[in-house]
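The block underneath contains the structure these notes are about, expressed in structure tokens.
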Amino acid sequence: MIIRQQTLRWTTALLGGVALLGLSPIVASAGITVSPHTAQADKFVRAKASAYAAGSADNGQWAGRTAIGTPLRSGAINSAAADWSKFPLGTKFRVVETAKVYLVDDYGSAMVGKVKVDLFTPSTKQMDRWGVRNVTLEILEWGNREKSLALLSSRAASRYSHIRKMVASLRDQRLNPTLISSATQTPEEMPRLTARNSSKRKTAVAQGAPEA
């Protein structure tokens, strides 16, 4: 009886801690991060990171504004541009190497098809000092692919091919959600992902499971 009560107290404390973190017991026990609106569970992503400033040289007619028409952000949360089929509109991430937090509210042709982000800096001097770096992104919150698709679809008839490419990728992901999990895999990581899947498949077959 004493052992049972002690176990119950431990279980209650564990569930209470999980609740404080905002996780469900199932997600916490699995050790994964699940985002609403996506099937993506990656929490850390290796990416290339360039930088841009607010001037027309980097933004053309959108100088000083994001792709959704809001002012470029700098401060506690900073604006970032990305391929919205990889990092959807509203994705919030922290650059591990600098601890700065960014929100994807912009896009650009140089990011499309790549695991790459463009980080807004308030001056060209800071932009030049940053250059292009390989960084680790800690995903704090995944954005919304449906909102990304809706906004981009309204612009798909434009002359900009990078918009049409993002729309096509987002539509493919809607039809085949398994594509989402590999969207932020770099070319270097894809062989490791394939090898892991192959190893899992061989283990399953060896244990008597039918091979797909």
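Each value in this text was obtained by applying a stated rule to the coordinates, not by laboratory testing. Values in this document were obtained by computation on a predicted structure and should not be read as measured data. Backbone-built Cβ (ideal geometry, glycine too); neighbour counts: all protein chains shown.
Tell me the label-point distance for the pair GLU97, PHE44, using the 7 Å Cα-to-Cβ offset, in nm and rounded to one decimal.
So the label points at GLU97 and PHE44 sit 1.5 nm apart.
When Lys and Arg each count +1 and Asp and Glu each count -1, what net charge do the other residues less than 13 Å away from GLU97, Cβ to Cβ, add up to?
+4
Once R0 is set to 35 Å, what does the formula 1/(1 + (r/R0)^6) return for the Cβ-Cβ distance between ILE77 and GLU146, expressed as a FRET efficiency to the nearest 0.05?
Efficiency, from the Cβ-Cβ distance: 0.95.
Give me, ordered by chain and number, the residues 5 or more places off THR91 or on other chains with an amide H under 5 Å from its own placed amide H.
When sequence neighbours closer than 5 places are left aside, the close amide H contacts are VAL104, GLY143, ASN144.
Give me the one-decimal nm value for the distance between modelled label points at ARG65 and SER109, 7 Å along each residue's Cα-to-Cβ direction.
Here the modelled spin labels are 2.0 nm apart.
Counting only pairs 8 or more residues apart or on different chains, how many lysine pairs in the stretch 44-181 have their Cα atoms under 12 Å apart?
So the count of such lysine pairs works out to 7.
I need the calculated FRET efficiency for the pair ARG129 and ASP172, taking r as the beta carbon distance and R₀ as 35 Å, to the nearest 0.05.
0.40
Using a ≥ b ≥ c from the Cα gyration tensor of the stretch 96-139 (square roots of the eigenvalues), is it rounded, prolate or oblate, where a/c under 1.5 gives rounded and otherwise the larger of a/b and b/c decides, a/b for prolate?
rounded
How much length would be gained if the chain were fully extended between GLU138 and LEU179, taking 0.36 nm per residue of separation minus their Cα-Cα distance, in nm to one decimal?
Taking GLU138 through LEU179 to full extension adds about 12.7 nm, to one decimal.
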